[in-house]
Amino acid sequence: PLYMDVHRDVEASVEDVVEAHKKDLEAQEKHGVKYLNYWVDEDEGAVFCLFEGPSKEAGEKVHEEAHGLTADEIFEVEQGDESGLP
């Protein structure tokens, strides 16, 4: 499955988020997770991470082990296609 996690009230620079993502990539395999992408909204203090994995909990374990910055929410999502049709 595919998941999107949301971190709110993040007091970190884009550079800090880049470093945290690198640590996620180092820890992900152990938990059967693959982080695919992330987005940062510095003005709102929000970070969004997209990952594949066996469960929400597996993604959370990667964050806990890699840097301790756990998500406020995690959603199971499905990729849409470019046509906009289901």
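The values are calculated or read from the model by the stated rules, or taken from the named source; none is laboratory data. The model shown is predicted, which means the values in this text are computed figures rather than measured ones. Glycine gets a Cβ as well: all are built from the backbone with ideal geometry, and neighbour counts include every protein chain shown. Surface accessibility is based on the protein's heavy atoms, side chains included, excluding ligands, DNA and RNA. Shrake-Rupley method; radii C 1.70, N 1.55, O 1.52, S 1.80 Å.
The set of residues in the stretch 3-15 that are open to solvent by 30 Å² or more (accessible area, probe 1.4 Å) and among the aliphatic types (A, V, I, L, M) comprises Met4, Val10, Ala12, Val14. With respect to the conditions (1) open to solvent by less than 50 Å² (accessible area, probe 1.4 Å); (2) assigned to a strand (DSSP E or B), Trp39 lacks only one, and its number is (1).
Residue check: Asn37 meets all listed conditions (1) under 14 Å from Thr70 (Cα atoms); (2) touching a Cys at 6+ places or on another chain (Cβ under 8 Å) but one, namely (1).
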